[in-house]
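The structure appears right after this line, and notes come after that.
The values are calculated or read from the model by the stated rules, or taken from the named source; none is laboratory data. All values reported here derive from a predicted model rather than from experimental measurement. Here the Cβ is made from the backbone with ideal geometry for all residues, glycine too, and neighbour counts use every protein chain on show. Heavy atoms of the whole protein, side chains included, go into the accessibility calculation; ligands, DNA and RNA do not. Shrake-Rupley method; radii C 1.70, N 1.55, O 1.52, S 1.80 Å.
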Amino acid sequence: MDFALDSETLQRLERARELGRLELRPLGIECDRLGRPTPPDHPFFAALLRLGMGGTRWRPAGEVQATPARETTTSARETTTSARETREGRSRVDLLIAEELSYWDRGVTVSFPGPGLGEPSVLSMGTEEQRARFLGPFARGDRPRWGAFAMTEPGAGSDVAGIRTSARRDGADWVLNGEKSFAANASRADWIVVFATVDPALGRDGHRAFVVERGTPGLGDFKIEHKMGLKAYESTSFALRDCRVPGANLLGGEGHYASRAGFKGALRSFNATRPLVAAMATGIGRAALDESLGFAREQGLLGDVRVRDRLERVRRKLRMARLLGLRAAYMADRQRPNLADASIAKAVAPQVAFEAASLGMELLGLVGGRGDHLIEKLFRDVKAMDIVEGTGQIQRLIVARELVQYPRD
Ligand SMILES: Cc1cc2nc3c(=O)[nH]c(=O)nc-3n(C[C@H](O)[C@H](O)[C@H](O)COP(=O)(O)OP(=O)(O)OC[C@H]3O[C@@H](n4cnc5c(N)ncnc54)[C@H](O)[C@@H]3O)c2cc1C
(Lines give C-alpha, C1' and ligand atoms only; values in the text may rest on other atoms or scores of the structure.)
Protein backbone atom coordinates (compact mmCIF):
# COMPACT_ATOMS: atom_id res chain seq x y z
CA MET A 1 0.00 0.00 0.00
CA ASP A 2 1.28 3.41 -0.97
CA PHE A 3 0.46 6.07 1.63
CA ALA A 4 1.58 9.05 -0.45
CA LEU A 5 -1.20 11.39 -1.56
CA ASP A 6 -1.04 13.27 -4.83
CA SER A 7 -1.37 17.04 -4.86
CA GLU A 8 -4.95 16.92 -6.16
CA THR A 9 -6.06 14.74 -3.25
CA LEU A 10 -4.24 16.97 -0.79
CA GLN A 11 -6.02 20.02 -2.22
CA ARG A 12 -9.37 18.29 -1.96
CA LEU A 13 -8.70 17.37 1.62
CA GLU A 14 -7.80 20.99 2.32
CA ARG A 15 -11.06 22.15 0.71
CA ALA A 16 -13.00 19.64 2.83
CA ARG A 17 -11.21 20.96 5.92
CA GLU A 18 -12.16 24.56 5.11
CA LEU A 19 -15.77 23.63 4.36
CA GLY A 20 -15.88 21.66 7.59
CA ARG A 21 -14.44 24.42 9.74
CA LEU A 22 -16.50 27.23 8.25
CA GLU A 23 -19.83 25.48 7.58
CA LEU A 24 -20.22 21.92 8.86
CA ARG A 25 -19.17 22.40 12.46
CA PRO A 26 -21.34 25.50 13.12
CA LEU A 27 -24.35 24.02 11.28
CA GLY A 28 -24.02 20.71 13.13
CA ILE A 29 -23.96 22.46 16.49
CA GLU A 30 -26.99 24.56 15.51
CA CYS A 31 -29.00 21.48 14.47
CA ASP A 32 -28.00 19.70 17.67
CA ARG A 33 -29.22 22.62 19.79
CA LEU A 34 -32.46 22.96 17.82
CA GLY A 35 -32.95 19.19 17.81
CA ARG A 36 -33.91 19.00 14.14
CA PRO A 37 -32.26 18.33 10.77
CA THR A 38 -31.22 21.02 8.35
CA PRO A 39 -34.34 21.80 6.27
CA PRO A 40 -34.08 20.81 2.58
CA ASP A 41 -34.50 24.43 1.42
CA HIS A 42 -31.56 25.62 3.56
CA PRO A 43 -29.23 27.81 1.42
CA PHE A 44 -26.31 25.60 2.51
CA PHE A 45 -27.47 22.85 0.15
CA ALA A 46 -27.68 25.15 -2.88
CA ALA A 47 -24.20 26.44 -1.96
CA LEU A 48 -22.91 22.85 -1.96
CA LEU A 49 -24.22 22.41 -5.51
CA ARG A 50 -22.29 25.51 -6.57
CA LEU A 51 -19.19 23.86 -5.11
CA GLY A 52 -19.81 20.92 -7.43
CA MET A 53 -21.31 18.61 -4.80
CA GLY A 54 -24.58 16.69 -4.74
CA GLY A 55 -23.87 14.72 -7.91
CA THR A 56 -23.49 11.08 -8.78
CA ARG A 57 -20.70 8.69 -9.58
CA TRP A 58 -22.77 7.31 -12.46
CA ARG A 59 -21.71 8.31 -15.96
CA PRO A 60 -23.35 7.31 -19.24
CA ALA A 61 -21.83 4.10 -20.62
CA GLY A 62 -18.66 4.83 -22.54
CA GLU A 63 -18.16 8.35 -21.23
CA VAL A 64 -14.52 8.99 -20.36
CA GLN A 65 -13.83 11.02 -17.25
CA ALA A 66 -11.21 13.44 -18.46
CA THR A 67 -12.27 16.31 -16.26
CA PRO A 68 -13.46 16.41 -12.66
CA ALA A 69 -17.10 15.46 -12.29
CA ARG A 70 -19.61 16.54 -9.70
CA GLU A 71 -19.35 15.16 -6.21
CA THR A 72 -21.82 12.86 -4.54
CA THR A 73 -21.92 13.59 -0.90
CA THR A 74 -24.67 11.98 1.13
CA SER A 75 -22.26 9.32 2.23
CA ALA A 76 -19.42 11.81 1.83
CA ARG A 77 -18.24 10.01 -1.23
CA GLU A 78 -15.71 12.20 -2.96
CA THR A 79 -16.27 11.82 -6.65
CA THR A 80 -14.42 14.68 -8.23
CA THR A 81 -12.32 11.96 -9.64
CA SER A 82 -9.95 11.48 -12.48
CA ALA A 83 -9.82 8.35 -14.63
CA ARG A 84 -6.52 7.46 -13.00
CA GLU A 85 -8.03 7.46 -9.50
CA THR A 86 -10.94 5.36 -10.63
CA ARG A 87 -8.43 2.66 -11.45
CA GLU A 88 -5.98 3.22 -8.63
CA GLY A 89 -7.36 4.75 -5.52
CA ARG A 90 -10.86 6.13 -5.58
CA SER A 91 -12.09 4.25 -2.51
CA ARG A 92 -9.08 5.45 -0.59
CA VAL A 93 -9.77 9.08 -1.49
CA ASP A 94 -13.47 8.57 -0.63
CA LEU A 95 -12.43 7.33 2.77
CA LEU A 96 -10.09 10.20 3.53
CA ILE A 97 -12.67 12.81 2.50
CA ALA A 98 -15.39 11.05 4.52
CA GLU A 99 -13.14 11.03 7.57
CA GLU A 100 -12.30 14.71 7.19
CA LEU A 101 -15.91 15.85 6.72
CA SER A 102 -17.05 13.74 9.67
CA TYR A 103 -14.30 15.23 11.78
CA TRP A 104 -16.22 18.49 11.44
CA ASP A 105 -19.74 17.06 11.56
CA ARG A 106 -20.94 13.64 10.50
CA GLY A 107 -24.63 14.56 10.75
CA VAL A 108 -24.28 17.48 8.34
CA THR A 109 -22.17 15.31 6.05
CA VAL A 110 -24.96 12.75 5.70
CA SER A 111 -27.46 15.53 5.03
CA PHE A 112 -25.56 16.59 1.88
CA PRO A 113 -27.63 16.31 -1.30
CA GLY A 114 -26.93 13.28 -3.48
CA PRO A 115 -28.30 9.79 -4.15
CA GLY A 116 -26.78 8.65 -0.86
CA LEU A 117 -27.03 5.06 0.23
CA GLY A 118 -29.46 4.41 -2.61
CA GLU A 119 -26.73 4.93 -5.18
CA PRO A 120 -24.72 1.73 -4.62
CA SER A 121 -27.88 -0.35 -5.08
CA VAL A 122 -28.86 1.44 -8.29
CA LEU A 123 -25.31 1.15 -9.60
CA SER A 124 -24.80 -2.49 -8.71
CA MET A 125 -28.29 -3.86 -9.44
CA GLY A 126 -29.92 -1.40 -11.87
CA THR A 127 -30.04 -1.71 -15.63
CA GLU A 128 -28.29 0.97 -17.66
CA GLU A 129 -31.70 2.55 -18.38
CA GLN A 130 -32.51 2.64 -14.63
CA ARG A 131 -29.13 4.12 -13.76
CA ALA A 132 -29.66 6.88 -16.30
CA ARG A 133 -33.24 7.53 -15.18
CA PHE A 134 -32.60 7.64 -11.44
CA LEU A 135 -29.01 8.87 -11.19
CA GLY A 136 -28.86 11.03 -14.33
CA PRO A 137 -30.83 13.93 -12.76
CA PHE A 138 -28.20 14.20 -10.00
CA ALA A 139 -25.61 15.10 -12.64
CA ARG A 140 -27.59 18.21 -13.65
CA GLY A 141 -26.92 20.19 -10.50
CA ASP A 142 -30.06 22.29 -11.07
CA ARG A 143 -31.42 21.82 -7.53
CA PRO A 144 -30.51 19.85 -4.42
CA ARG A 145 -31.82 16.29 -4.75
CA TRP A 146 -31.64 13.33 -2.42
CA GLY A 147 -31.94 9.59 -2.80
CA ALA A 148 -32.50 7.13 0.08
CA PHE A 149 -32.16 3.46 0.96
CA ALA A 150 -34.72 1.60 3.05
CA MET A 151 -34.00 -1.92 4.21
CA THR A 152 -34.62 -1.70 7.96
CA GLU A 153 -38.11 -2.32 9.35
CA PRO A 154 -39.54 -2.14 12.87
CA GLY A 155 -39.04 -5.93 13.15
CA ALA A 156 -35.98 -6.42 10.93
CA GLY A 157 -32.66 -4.65 11.41
CA SER A 158 -29.64 -6.90 11.74
CA ASP A 159 -31.55 -9.84 10.33
CA VAL A 160 -32.35 -8.30 6.97
CA ALA A 161 -33.59 -11.66 5.70
CA GLY A 162 -36.57 -11.09 8.02
CA ILE A 163 -38.04 -8.07 6.24
CA ARG A 164 -41.82 -8.23 5.91
CA THR A 165 -42.63 -5.45 3.45
CA SER A 166 -44.46 -7.39 0.78
CA ALA A 167 -44.19 -7.09 -2.99
CA ARG A 168 -47.02 -8.51 -5.07
CA ARG A 169 -47.10 -8.54 -8.84
CA ASP A 170 -50.26 -7.03 -10.34
CA GLY A 171 -50.26 -6.83 -14.12
CA ALA A 172 -47.35 -4.66 -15.23
CA ASP A 173 -46.99 -3.18 -11.73
CA TRP A 174 -45.91 -4.25 -8.26
CA VAL A 175 -47.89 -3.46 -5.14
CA LEU A 176 -45.89 -2.84 -1.96
CA ASN A 177 -47.16 -2.96 1.61
CA GLY A 178 -45.15 -2.50 4.78
CA GLU A 179 -43.21 -0.16 7.04
CA LYS A 180 -39.64 1.05 6.92
CA SER A 181 -37.53 2.62 9.66
CA PHE A 182 -34.67 5.06 10.00
CA ALA A 183 -34.00 5.64 6.31
CA ALA A 184 -31.62 8.58 5.91
CA ASN A 185 -33.06 11.58 4.05
CA ALA A 186 -36.16 9.61 3.00
CA SER A 187 -38.81 12.32 3.37
CA ARG A 188 -36.87 14.73 1.16
CA ALA A 189 -35.76 12.12 -1.37
CA ASP A 190 -36.75 12.10 -5.05
CA TRP A 191 -36.76 8.31 -4.73
CA ILE A 192 -36.12 5.59 -2.19
CA VAL A 193 -34.61 2.17 -2.89
CA VAL A 194 -37.05 -0.06 -0.99
CA PHE A 195 -36.30 -3.71 -0.28
CA ALA A 196 -39.39 -5.92 -0.10
CA THR A 197 -40.13 -9.64 -0.24
CA VAL A 198 -42.29 -11.73 -2.57
CA ASP A 199 -42.45 -14.45 0.09
CA PRO A 200 -41.01 -14.15 3.61
CA ALA A 201 -40.56 -17.96 3.68
CA LEU A 202 -37.90 -17.61 0.98
CA GLY A 203 -35.69 -15.44 3.19
CA ARG A 204 -33.14 -13.53 1.17
CA ASP A 205 -34.12 -15.32 -2.04
CA GLY A 206 -37.50 -13.59 -1.86
CA HIS A 207 -36.04 -10.08 -1.80
CA ARG A 208 -36.69 -7.54 -4.53
CA ALA A 209 -35.42 -3.95 -4.69
CA PHE A 210 -37.67 -1.21 -6.04
CA VAL A 211 -37.12 2.44 -6.70
CA VAL A 212 -40.17 4.15 -5.21
CA GLU A 213 -40.50 7.69 -6.48
CA ARG A 214 -41.68 10.64 -4.45
CA GLY A 215 -45.40 11.26 -4.85
CA THR A 216 -46.23 7.62 -5.62
CA PRO A 217 -49.71 7.05 -4.14
CA GLY A 218 -49.44 4.87 -1.02
CA LEU A 219 -45.98 6.14 -0.05
CA GLY A 220 -46.41 8.25 3.07
CA ASP A 221 -46.67 8.63 6.84
CA PHE A 222 -43.15 10.05 6.93
CA LYS A 223 -41.94 10.53 10.47
CA ILE A 224 -38.56 12.02 11.27
CA GLU A 225 -37.27 10.10 14.27
CA HIS A 226 -35.93 11.74 17.38
CA LYS A 227 -32.26 10.75 17.68
CA MET A 228 -29.78 11.07 20.53
CA GLY A 229 -27.12 12.44 18.15
CA LEU A 230 -26.40 13.17 14.48
CA LYS A 231 -29.41 15.46 14.51
CA ALA A 232 -28.39 17.40 11.41
CA TYR A 233 -29.77 14.75 9.06
CA GLU A 234 -33.14 13.06 9.07
CA SER A 235 -33.64 9.39 9.90
CA THR A 236 -37.16 8.75 8.73
CA SER A 237 -39.76 6.04 9.10
CA PHE A 238 -42.47 5.68 6.48
CA ALA A 239 -45.21 3.37 5.26
CA LEU A 240 -46.12 1.75 1.95
CA ARG A 241 -49.85 1.11 1.65
CA ASP A 242 -50.96 -0.56 -1.55
CA CYS A 243 -48.16 1.44 -3.09
CA ARG A 244 -48.21 0.71 -6.83
CA VAL A 245 -44.76 0.76 -8.42
CA PRO A 246 -44.24 0.29 -12.17
CA GLY A 247 -42.47 -2.92 -13.19
CA ALA A 248 -39.79 -0.73 -14.79
CA ASN A 249 -38.74 0.33 -11.27
CA LEU A 250 -37.80 -3.19 -10.15
CA LEU A 251 -34.01 -2.83 -9.96
CA GLY A 252 -32.29 -5.03 -12.51
CA GLY A 253 -35.57 -6.37 -13.91
CA GLU A 254 -37.04 -9.83 -13.27
CA GLY A 255 -34.04 -11.72 -14.60
CA HIS A 256 -31.81 -10.24 -11.95
CA TYR A 257 -33.60 -12.24 -9.27
CA ALA A 258 -33.47 -15.62 -10.94
CA SER A 259 -30.46 -16.39 -8.74
CA ARG A 260 -29.63 -14.94 -5.31
CA ALA A 261 -28.36 -11.78 -6.96
CA GLY A 262 -31.02 -9.58 -5.38
CA PHE A 263 -29.77 -9.90 -1.88
CA LYS A 264 -26.17 -10.03 -2.98
CA GLY A 265 -26.76 -6.65 -4.63
CA ALA A 266 -27.51 -5.12 -1.26
CA LEU A 267 -24.55 -6.87 0.30
CA ARG A 268 -22.24 -5.54 -2.38
CA SER A 269 -23.29 -2.03 -1.52
CA PHE A 270 -22.59 -2.72 2.14
CA ASN A 271 -19.10 -3.90 1.30
CA ALA A 272 -18.51 -0.60 -0.43
CA THR A 273 -19.97 1.53 2.32
CA ARG A 274 -18.87 -0.13 5.56
CA PRO A 275 -15.29 1.15 5.25
CA LEU A 276 -16.78 4.61 4.68
CA VAL A 277 -18.75 4.36 7.90
CA ALA A 278 -15.55 3.23 9.63
CA ALA A 279 -13.76 6.29 8.26
CA MET A 280 -16.55 8.55 9.46
CA ALA A 281 -16.26 7.06 12.94
CA THR A 282 -12.50 7.64 12.85
CA GLY A 283 -13.20 11.27 11.95
CA ILE A 284 -15.50 11.70 14.96
CA GLY A 285 -12.89 9.99 17.15
CA ARG A 286 -10.17 12.35 15.92
CA ALA A 287 -12.38 15.33 16.71
CA ALA A 288 -12.99 13.98 20.21
CA LEU A 289 -9.25 13.47 20.73
CA ASP A 290 -8.41 17.00 19.56
CA GLU A 291 -11.09 18.52 21.78
CA SER A 292 -9.91 16.41 24.73
CA LEU A 293 -6.32 17.50 24.18
CA GLY A 294 -7.40 21.13 24.00
CA PHE A 295 -9.41 20.83 27.20
CA ALA A 296 -6.64 18.97 29.04
CA ARG A 297 -4.12 21.61 28.00
CA GLU A 298 -6.39 24.49 29.08
CA GLN A 299 -7.00 22.86 32.45
CA GLY A 300 -3.35 21.95 33.06
CA LEU A 301 -4.08 18.21 33.02
CA LEU A 302 -1.25 17.22 30.67
CA GLY A 303 1.26 17.00 33.53
CA ASP A 304 -0.54 13.87 34.71
CA VAL A 305 1.08 10.80 33.17
CA ARG A 306 -2.21 8.88 33.35
CA VAL A 307 -3.93 11.51 31.22
CA ARG A 308 -1.09 11.52 28.68
CA ASP A 309 -1.11 7.73 28.59
CA ARG A 310 -4.82 7.54 27.82
CA LEU A 311 -4.65 10.24 25.17
CA GLU A 312 -1.75 8.43 23.52
CA ARG A 313 -3.61 5.13 23.61
CA VAL A 314 -6.60 6.67 21.85
CA ARG A 315 -4.40 8.25 19.18
CA ARG A 316 -2.67 4.92 18.57
CA LYS A 317 -5.98 3.13 18.19
CA LEU A 318 -7.38 5.80 15.88
CA ARG A 319 -4.36 5.31 13.61
CA MET A 320 -4.99 1.59 13.64
CA ALA A 321 -8.66 2.17 12.78
CA ARG A 322 -7.71 4.38 9.85
CA LEU A 323 -5.25 1.79 8.54
CA LEU A 324 -7.90 -0.94 8.68
CA GLY A 325 -10.27 1.25 6.66
CA LEU A 326 -7.55 2.04 4.14
CA ARG A 327 -6.81 -1.65 3.71
CA ALA A 328 -10.48 -2.37 2.96
CA ALA A 329 -10.45 0.49 0.44
CA TYR A 330 -7.19 -0.76 -1.07
CA MET A 331 -8.84 -4.14 -1.71
CA ALA A 332 -11.95 -2.48 -3.19
CA ASP A 333 -9.83 -0.34 -5.49
CA ARG A 334 -8.24 -3.51 -6.84
CA GLN A 335 -11.60 -5.26 -7.20
CA ARG A 336 -10.51 -7.84 -4.63
CA PRO A 337 -13.03 -9.36 -2.20
CA ASN A 338 -13.04 -7.18 0.90
CA LEU A 339 -15.86 -8.66 2.97
CA ALA A 340 -13.71 -9.47 6.01
CA ASP A 341 -11.58 -6.32 5.70
CA ALA A 342 -14.65 -4.08 5.43
CA SER A 343 -16.24 -5.76 8.44
CA ILE A 344 -13.07 -5.62 10.52
CA ALA A 345 -12.76 -1.88 9.81
CA LYS A 346 -16.44 -1.34 10.66
CA ALA A 347 -16.18 -3.44 13.84
CA VAL A 348 -13.12 -1.57 15.12
CA ALA A 349 -13.42 2.13 14.22
CA PRO A 350 -16.71 2.95 16.01
CA GLN A 351 -15.44 1.29 19.20
CA VAL A 352 -12.23 3.30 19.10
CA ALA A 353 -14.13 6.51 18.37
CA PHE A 354 -16.44 5.73 21.26
CA GLU A 355 -13.41 5.27 23.52
CA ALA A 356 -12.08 8.66 22.37
CA ALA A 357 -15.37 10.41 23.12
CA SER A 358 -15.71 8.59 26.48
CA LEU A 359 -12.23 9.66 27.50
CA GLY A 360 -13.18 13.22 26.60
CA MET A 361 -16.28 13.01 28.79
CA GLU A 362 -14.23 11.70 31.70
CA LEU A 363 -11.73 14.54 31.37
CA LEU A 364 -14.53 17.10 31.17
CA GLY A 365 -16.13 15.87 34.37
CA LEU A 366 -18.91 18.22 35.39
CA VAL A 367 -18.37 20.39 32.33
CA GLY A 368 -19.50 17.43 30.21
CA GLY A 369 -22.59 16.95 32.31
CA ARG A 370 -23.83 20.44 31.41
CA GLY A 371 -24.47 19.23 27.88
CA ASP A 372 -23.13 22.24 26.00
CA HIS A 373 -19.58 21.13 25.24
CA LEU A 374 -18.66 19.80 21.79
CA ILE A 375 -17.27 16.59 23.32
CA GLU A 376 -20.68 15.85 24.82
CA LYS A 377 -22.23 16.20 21.34
CA LEU A 378 -19.56 13.93 19.84
CA PHE A 379 -20.26 11.39 22.57
CA ARG A 380 -23.92 11.29 21.49
CA ASP A 381 -23.07 11.37 17.77
CA VAL A 382 -20.61 8.49 17.87
CA LYS A 383 -22.92 5.80 19.25
CA ALA A 384 -24.86 5.42 16.01
CA MET A 385 -21.65 4.59 14.16
CA ASP A 386 -21.63 1.19 15.83
CA ILE A 387 -25.23 0.59 14.74
CA VAL A 388 -25.57 1.79 11.14
CA GLU A 389 -24.88 -0.56 8.24
CA GLY A 390 -24.50 -3.58 10.48
CA THR A 391 -23.81 -3.39 14.19
CA GLY A 392 -20.44 -4.21 15.71
CA GLN A 393 -21.74 -7.60 16.83
CA ILE A 394 -22.87 -8.45 13.32
CA GLN A 395 -19.51 -7.43 11.86
CA ARG A 396 -17.75 -9.72 14.32
CA LEU A 397 -20.06 -12.59 13.36
CA ILE A 398 -19.19 -12.03 9.70
CA VAL A 399 -15.46 -11.98 10.39
CA ALA A 400 -15.65 -15.09 12.58
CA ARG A 401 -17.62 -16.94 9.90
CA GLU A 402 -15.03 -15.93 7.32
CA LEU A 403 -12.22 -17.07 9.63
CA VAL A 404 -13.57 -20.59 9.95
CA GLN A 405 -14.95 -20.68 6.40
CA TYR A 406 -18.44 -21.27 7.73
CA PRO A 407 -20.92 -21.44 4.83
CA ARG A 408 -23.43 -18.60 4.40
CA ASP A 409 -27.01 -19.50 5.24
C1 LIG B 1 -28.67 6.83 12.83
C2 LIG B 1 -29.17 5.64 12.08
C3 LIG B 1 -29.28 5.71 10.68
C4 LIG B 1 -29.76 4.59 9.97
N5 LIG B 1 -29.91 4.71 8.60
C6 LIG B 1 -30.50 3.67 7.91
C7 LIG B 1 -30.81 3.82 6.52
O8 LIG B 1 -30.51 4.85 5.88
N9 LIG B 1 -31.44 2.79 5.90
C10 LIG B 1 -31.77 1.62 6.55
O11 LIG B 1 -32.33 0.72 5.94
N12 LIG B 1 -31.50 1.47 7.89
C13 LIG B 1 -30.89 2.47 8.58
N14 LIG B 1 -30.64 2.34 9.93
C15 LIG B 1 -31.03 1.12 10.61
C16 LIG B 1 -29.84 0.26 11.00
O17 LIG B 1 -29.29 -0.35 9.85
C18 LIG B 1 -30.30 -0.75 12.04
O19 LIG B 1 -30.61 -0.01 13.22
C20 LIG B 1 -29.26 -1.78 12.34
O21 LIG B 1 -29.12 -2.67 11.25
C22 LIG B 1 -29.59 -2.61 13.59
O23 LIG B 1 -30.89 -3.09 13.53
P24 LIG B 1 -31.88 -2.91 14.79
O25 LIG B 1 -31.77 -1.49 15.23
O26 LIG B 1 -33.19 -3.42 14.39
O27 LIG B 1 -31.26 -3.79 15.93
P28 LIG B 1 -31.45 -5.38 16.14
O29 LIG B 1 -31.15 -6.10 14.88
O30 LIG B 1 -32.77 -5.62 16.78
O31 LIG B 1 -30.30 -5.69 17.18
C32 LIG B 1 -30.38 -5.30 18.56
C33 LIG B 1 -29.08 -5.69 19.22
O34 LIG B 1 -28.88 -7.11 19.11
C35 LIG B 1 -27.66 -7.39 18.48
N36 LIG B 1 -27.81 -8.57 17.62
C37 LIG B 1 -28.75 -8.78 16.66
N38 LIG B 1 -28.58 -9.99 16.08
C39 LIG B 1 -27.50 -10.55 16.67
C40 LIG B 1 -26.81 -11.79 16.50
N41 LIG B 1 -27.20 -12.68 15.57
N42 LIG B 1 -25.73 -12.04 17.28
C43 LIG B 1 -25.33 -11.13 18.21
N44 LIG B 1 -25.94 -9.95 18.43
C45 LIG B 1 -27.01 -9.65 17.66
C46 LIG B 1 -27.33 -6.17 17.65
O47 LIG B 1 -25.94 -6.03 17.44
C48 LIG B 1 -27.87 -5.05 18.53
O49 LIG B 1 -26.93 -4.71 19.51
C50 LIG B 1 -30.14 3.41 10.66
C51 LIG B 1 -29.99 3.34 12.05
C52 LIG B 1 -29.54 4.44 12.76
C53 LIG B 1 -29.40 4.34 14.25
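Amide H to amide H, with H built 1.01 Å from N, residue 156 comes under 5 Å of no residue 5 or more places away or on another chain. In a DSSP loop and with at most 15 other Cβ atoms within 10 Å, the trypsin sites (Lys or Arg not before Pro) in the range 127-195 are 140, 164. Computed across the chain, the Kirkwood radius stands at 21.6 Å (inverse of mean 1/r, all Cα pairs).
Could you identify which residue out of 298, 119, 213 has the top mean-square fluctuation in a GNM of the chain using Cα springs shorter than 10 Å? So, out of 298, 119, 213, the one fluctuating most is 298. About its Cα centre, the chain has a charge dipole of approximately 440 debye under the convention of +1 per Lys or Arg Cβ and -1 per Asp or Glu Cβ, with nothing else charged.
Is it possible to state the helix-based mean residue ellipticity at 222 nm for the chain, with each DSSP H run of 4+ residues giving -39500 (n - 2.57), the sum divided by total residues, to the nearest 500 deg cm²/dmol? What is it?
-15500 deg cm²/dmol
Along the Cα-to-C-beta direction of residue 46, a point sits 7 Å from the Cα; which residues of the range 134-151 have their amide N less than 11 Å from that point? Inside the label zone: 143-144.
The GNM of the chain, with springs linking C-alpha atoms under 10 angstrom apart, assigns the highest mean-square fluctuation among 399, 367, 110 to 367. For the chain, with a Gaussian network of springs between Cα atoms less than 10 Å apart, report the residue from 369, 162, 220 with the top mean-square fluctuation. Maximum among the listed residues: 369. When DSSP beta bridges are restricted to pairs lying wholly in the chain, around 80% turn out antiparallel.
Whenever you get a sec, compute what percent of the accessible area on the chain sits on carbon and sulfur atoms (1.4 Å probe). The value for the chain is 55 percent carbon and sulfur by accessible area. Surface exposure of the chain, expressed per residue as accessible area with a 1.4 Å probe, stands at 43 Å².
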